[in-house]
Amino acid sequence: MRLAVFMDLDDAIFQTRPKCRADGELADEELVVGALGPDGRPLSFLTPGQDLLWRTLAEAATIVPVTARSLASFQRVTLPFNHGAVLDFGGLTLEPSGEIDQDWLARMGPLCRGAAPLLTEALYLLQKAIDGEGLAARPRLVSDAGLIFYVLVKTAPERLGELEELEGRLAATFGGRAVVRRNGNNLALLPPFLDKGAAVERFIERHLPGGRRSHLILGLGDSLTDRGFLALGDYFMVPVRSQLGLAALAASAPAQAADGAKKAGPAQAADEMRLAGGRLSPDGAQASGGFAESPAPGGTADRPPAVGFFDVGAESVGAADQCQPTGHAVSAD
C-alpha cells in the first residue's frame, strides 16, 4: 500500500511573503520559493515548517495538487509535481504524464459553455461597479483550454472590505445559480458543477494504480472549497489558522479560535473574529442588495443581455465569511 496526498497549494503549503509568519517574522533566507509571479519573480514561499512537511510527504507519497490555479499559474509553481494535477477548482485535470485529461475536458465542455453567459454577465457587473465606485479590486475570467471556468476578483490585503461588499452583491444577484467563495484577498464566483471533490474522486479511480485498495489517502487543504476532496480521504490535514481550521475551532473551542484569529494579523482580524465568535455559516454569507442596475432582458448595444439578473435582498446565500490564516495568503491567479 502507498500513501497518496491530495494537496491544496495556496494557503496550505505556501503563501505570499507578507503572510510568512511563525510566531514572528521570518528572514528571507529562512524561506523556500514555492511559486513565481507572472513577472517571473518569486511570489509565494514555504516557511521552514511547511518545507519540512513538503519534503517529508514528497519522500513517502504520491502527491497530487488540487488547486484553483489555472494551467498557466500552476506552471509557475516551483515544487516538483509528477503525478498529475487538479486545476481550476476541478475544471481541468492533468494526467500523470502532464497532458490534459481529454475525457474530463469533454465532460466539462458543455457545462462550461452553458455557464459562460452567467460568468460573463457577472464580470461585466463587477467591472461596472468597481469603475463606478473607484474600487481597487481586479476582476477577471479564469479560463483554460478554451473554456471559461469561473470569475476571480482580487484586491490588496489592506482593502478586504471591498471584497466583502462585492461578495454580498454577487450572492444577492447570483445565489442559487452560482457559488460565491471568499478567502483572504480572493473572491470567486463558481458555476455549481465546478467541484474539487468530483474531480479528485475521478482522479483516484482513473489515475491511481489500484485505486483506493492500494492507497492510504491523505488530504491537505485550508478553505471551504477544499471540503469536498478532503472528505474523500482516510485522513486530512488543515492549517490551524486557516478558514477551515478556525471554523473547526469556532465550533468546538471559541476561545482558541479567537486567539488564532488575532495571530493572523490586523488586516483579517475583523472577519476572523466574526468566525471565531461562531457566526460562520459554512454555505452562506449575508447577502447585500445586489448591483445597482440590472440590464434589460435583451441587452443593449453597450452591454450584454441579462442572465436572470435579480435581487434577493438580505437572504443568506453564497459564500462564507473568510478567515485568513497566519502564514497562508491566497494566490489563485
Hz values of 3J(HN,Hα) by residue in segment 194-208 - Karplus curve (6.51, -1.76, 1.60), Gly and Pro given as x: 7, 8, 4, x, 5, 5, 5, 4, 5, 4, 4, 5, 9, 10, 8
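Could you state the accessible area per residue of segment 133-214 in Å², with a 1.4 Å probe and every protein chain left in place? Provide the component values of the computation, followed by the final result.
Numbers: 3040 Å² over 82 residues.
Spelled out: the 1.4 Å probe surface of segment 133-214, per residue, equals 37 Å².
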Can you list residues from other chains, or at least 5 along the same chain, whose modelled amide H is less than 5 Å from the amide H of Arg21? Gly327
Please give the per residue accessible area of segment 2-89, computed with a probe of 1.4 Å over protein heavy atoms only, in Å². 40 Å²
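Using the Cα atoms of segment 1-58 to build a convex hull, what is its mean projected area in square nanometres? Walk me through the intermediate numbers first.
Numbers: hull surface 19.0 nm².
It is 4.8 nm².
Of the peptides 67-74, 167-174, how do they stack up when ordered by the mean number of other Cβ atoms within 10 Å, highest first?
Going by the mean number of other Cβ atoms within 10 Å, highest first, we get 167-174, 67-74.
Once neighbouring chains are kept in place and the probe is 1.4 Å, which whole percent of the accessible area of segment 48-201 is contributed by carbon and sulfur? List each step's numbers first, then the result.
Working: 3020 of 5650 Å².
Using a 1.4 Å probe with all protein chains present, segment 48-201 comes out at 53 percent carbon and sulfur.
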Cα-based Rg and Dmax for segment 186-238, where Dmax is the largest Cα-Cα distance (Å): 12.2, 37
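The values are calculated or read from the model by the stated rules, or taken from the named source; none is laboratory data. Bear in mind the structure is a predicted one, so any value in this text is a computation, not a measurement. Neighbour counts are summed over all protein chains in view; Cβ atoms, including those assigned to glycine, are modelled from backbone coordinates with ideal geometry. With ligands, DNA and RNA removed, areas are computed over all heavy atoms of the protein, side chains included. Shrake-Rupley method; radii C 1.70, N 1.55, O 1.52, S 1.80 Å.
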